[in-house]
Amino acid sequence: MKISDLAKSYVRTIVPLAVGLIITLGIRAGVDLHGYSSLIDSAVTAVYYIGVRALEHYVDGRFGWLLGVAAAPKYKAATTHSEKTAGTITLQELAVLAVIALVVVVILVLLHAI
C-alpha cells in the first residue's frame, strides 16, 4: 500500500509522541517526578525524534521505521487548487491512522493501569 506524504507526516509525528509517553510512563513508575512529568515527557520525545532522524540521515535511511514510516514525506510548493488538494488523505489512510491512534491509546491505558 502506498501511503501519501500527508499520512507519512501524521505517522512520523504520532509515533515519537507515543514512544516518548511510554518511556516517560516507565520512568514515572519508579521515580517521583515532583510535577516535572510534562517537561520530562517533552524532553524524552524530542531526544527520541532527533536521535532517530539523525540515525536516519547520517547512518541508514531504514532507521526511519522507528518513526513509523521509513520514508520521510516530500513536500512541494502548491500553485493551483488541484495541486493543493492533491495531498489530501484518503479514507483508507484515515482508517489506518485511526487504528494506529486507537492502539496507542489502548497501550497507554494499559501501561497507566500497571
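The values are calculated or read from the model by the stated rules, or taken from the named source; none is laboratory data. None of the values given here were measured: they were computed from a predicted structure. Note that each Cβ is placed from the backbone with ideal geometry, even for glycine, and that neighbours are counted across all protein chains shown.
Sort out which residues of the stretch 28-52 are touching a Pro at 6+ places or on another chain (Cβ under 9 Å) and not aliphatic (A, V, I, L, M), and write them in order of number.
Result: T45, Y48, Y49.
Tally the residues that are closer than 20 Å to L110 by Cα and free of Cβ contacts under 8 Å to residues at least 12 places away in the same chain, restricting the search to the stretch 33-57.
Counting residues in the stretch 33-57 that are closer than 20 Å to L110 by Cα and free of Cβ contacts under 8 Å to residues at least 12 places away in the same chain gives 1.
Pairs please, first residue from the stretch 93-107 and part of a helix (DSSP H, G or I), second anywhere and surrounded by fewer than 13 Cβ atoms within 10 Å (Cβ to Cβ), Cβ atoms under 9 Å, 6+ apart in sequence or on different chains.
From the stretch 93-107, the pairs are E93/M1; V96/M1.
Check whether at least one residue in the stretch 38-53 is surrounded by fewer than 12 Cβ atoms within 10 Å (Cβ to Cβ), at pLDDT 75 or above, aliphatic (A, V, I, L, M) and in a helix (DSSP H, G or I), and report yes or no.
Within the stretch 38-53 (the criterion being surrounded by fewer than 12 Cβ atoms within 10 Å (Cβ to Cβ), at pLDDT 75 or above, aliphatic (A, V, I, L, M) and in a helix (DSSP H, G or I)), the answer is yes, since at least one residue qualifies.
In this structure, does L6 turn out to be over 23 Å from V106 (Cα atoms), surrounded by 13 or more Cβ atoms within 10 Å (Cβ to Cβ) and at pLDDT 85 or above? Reasoning before the result, please.
Details: over 23 Å from V106 (Cα atoms): yes; surrounded by 13 or more Cβ atoms within 10 Å (Cβ to Cβ): yes; at pLDDT 85 or above: no.
Spelling it out, it is not the case that L6 is over 23 Å from V106 (Cα atoms), surrounded by 13 or more Cβ atoms within 10 Å (Cβ to Cβ) and at pLDDT 85 or above.
Evaluate the stretch 49-68: report whether one residue or more is on the phi > 0 side of the Ramachandran plot and in contact with a helix residue (DSSP H, G or I) (Cβ under 8 Å, 6 or more places away or on another chain). Walk me through it before giving the result.
Kept after step one, since they are on the phi > 0 side of the Ramachandran plot, are these residues of the stretch 49-68: 68.
Adding the requirement that they be in contact with a helix residue (DSSP H, G or I) (Cβ under 8 Å, 6 or more places away or on another chain) leaves 68.
The answer is yes, given that some residue of the stretch 49-68 is on the phi > 0 side of the Ramachandran plot and in contact with a helix residue (DSSP H, G or I) (Cβ under 8 Å, 6 or more places away or on another chain).
For (1) within 19 Å of G20 (Cα to Cα); (2) at pLDDT 80 or above; (3) in contact with a strand residue (DSSP E or B) (Cβ under 8 Å, 6 or more places away or on another chain), each residue gets a yes or a no:
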residue: L55; (1), (2), (3): yes, yes, no
residue: Y58; (1), (2), (3): no, yes, no
residue: F63; (1), (2), (3): yes, yes, no
residue: T80; (1), (2), (3): no, no, no
residue: K84; (1), (2), (3): no, no, no
residue: Q92; (1), (2), (3): no, no, no
residue: A95; (1), (2), (3): no, no, no
